[in-house]
Structures are given as C-alpha cells and as structure tokens.
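A.B. asks: My questions all concern the structure below.
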Amino acid sequence: MKWTATRLVSVFLLVGLVAVSVACGGSDTSNNTNNNANTEPKFKDLGYSDKLTFMGTKVFDTFKDMFIAHDKARYTDNWSCVTCHGKDGTANKYKMPGGGLFPMDPNNPIAEDDATYGAAVKFMKEKVLPEMKKLLQDDTLTCFTCHSKKE
C-alpha cells in the first residue's frame, strides 16, 4: 500500500476525530431530562477548605442580601459568619448547629402568626430554608440543621 498525500490526510483526520471524540466524550442525554442539571459536587461531599470557599463565595452574599431585604435595620451593619455560626464558629470549624442562632423547642414550634417571631418563622420557611437546600443540594435540611434544640 502506497501512502499518498490524500491517504495520509484522511488518516490524520480520522485519528483526529477519534481523539476529539474520546477526549470530549459523547453526550448521552437519553436519561437526562434536565440538561441544566447541577454538576457541582454536593456541599456534604466537599473537604473543609472547599466548604469554606463555598460558604464565602455562594452562601454568604446570597443570605446577606436576603436577610438585609428582610430586616434592613438589623442586618445591614451586622452580618458576618458569626451571625449564623456564633462567636465560636472558627473554633468549632463552623459546624452547625453552632450556637449562634435562636434555640428552638421541637415540641412547641413557633407559629407564623406569633406576634413576636411569626414574620421570622415565615421568612425562614419560605425563603431561607428552600434557598439553603438548593445551594447545598440537600433536601434533608430542617430548622434543626442550623438551630439548636431548646431543652
């Protein structure tokens, strides 16, 4: 078999196409109903350093803006990691519940029509909890993921 210029170009093109196909991988969307599905790892699967980065780049500003919109006077000049994780957050490696939030009684939940805390409960149920579940990709989160249980 004689290697002509045409044959060499054909071989190189074929090898190139195979290499690109292997490197890029085919896209199998046969079982994928949402092509915009989140491909980022779940928060619970991240290492400590990556969790800190995630909190600083995705969670902090999202919730800062959300809480300021909810209660501008309280949160505009008073928002930091301590707001949720408490003064011992760093020492506790930011584990939740961290003691920075209002403890809740699991046997006596606060109603949305409560004169003192109702608006906050509604805000947490309708805004905060759903957004945190979405960001952390964790539908198992509850009030007690962040709030300690009152004894």
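A.B. asks: For E112, what charge total do you get from the other residues with a beta carbon under 12 Å from its beta carbon, if Lys and Arg give +1 and Asp and Glu give -1?
C.D. replies: Working: positive: K122, K125; negative: D113, D114, E126.
My count for the surroundings of E112 gives -1.
A.B. asks: Still on this structure, I have one more. Across region 120-126, in residue order, what do the Karplus-derived ³J(HN,Hα) couplings come to in whole Hz, using 6.51 cos²θ - 1.76 cosθ + 1.60 with θ = phi - 60° and x for Gly and Pro?
C.D. replies: Each residue of region 120-126 in turn: 5, 4, 4, 4, 5, 5, 8 Hz.
A.B. asks: For region 65-73, in order, what is each residue's ³J(HN,Hα) by Karplus, 6.51 cos²θ - 1.76 cosθ + 1.60 with θ = phi - 60°, in whole Hz (x at glycine and Pro)?
C.D. replies: 3J(HN,Hα) across region 65-73, in whole Hz: 4, 5, 6, 5, 5, 6, 8, 4, 4.
A.B. asks: I need the phi-derived Karplus couplings for region 105-112: 6.51 cos²θ - 1.76 cosθ + 1.60, θ = phi - 60°, integer Hz, Gly and Pro marked x.
C.D. replies: Taking θ as phi minus 60°, the curve returns 8, x, 8, 8, x, 7, 7, 5 Hz for region 105-112.
A.B. asks: Relative contact order for region 41-151: what is it in percent, counting Cα pairs under 8 Å that are at least 6 residues apart? Please report the intermediate quantities before stating the final value.
C.D. replies: Values: 99 pairs, mean separation 31.4, N = 111.
After rounding, I find 28 percent.
Every read-out reported here was derived from the displayed coordinates using simple, explicitly stated rules and does not represent laboratory data. What you see is a predicted model, and the numbers here were worked out from it, not measured in a lab. Don't worry about glycine lacking a Cβ; one is built from the backbone with ideal geometry, like all the others, and counts go over all protein chains shown.
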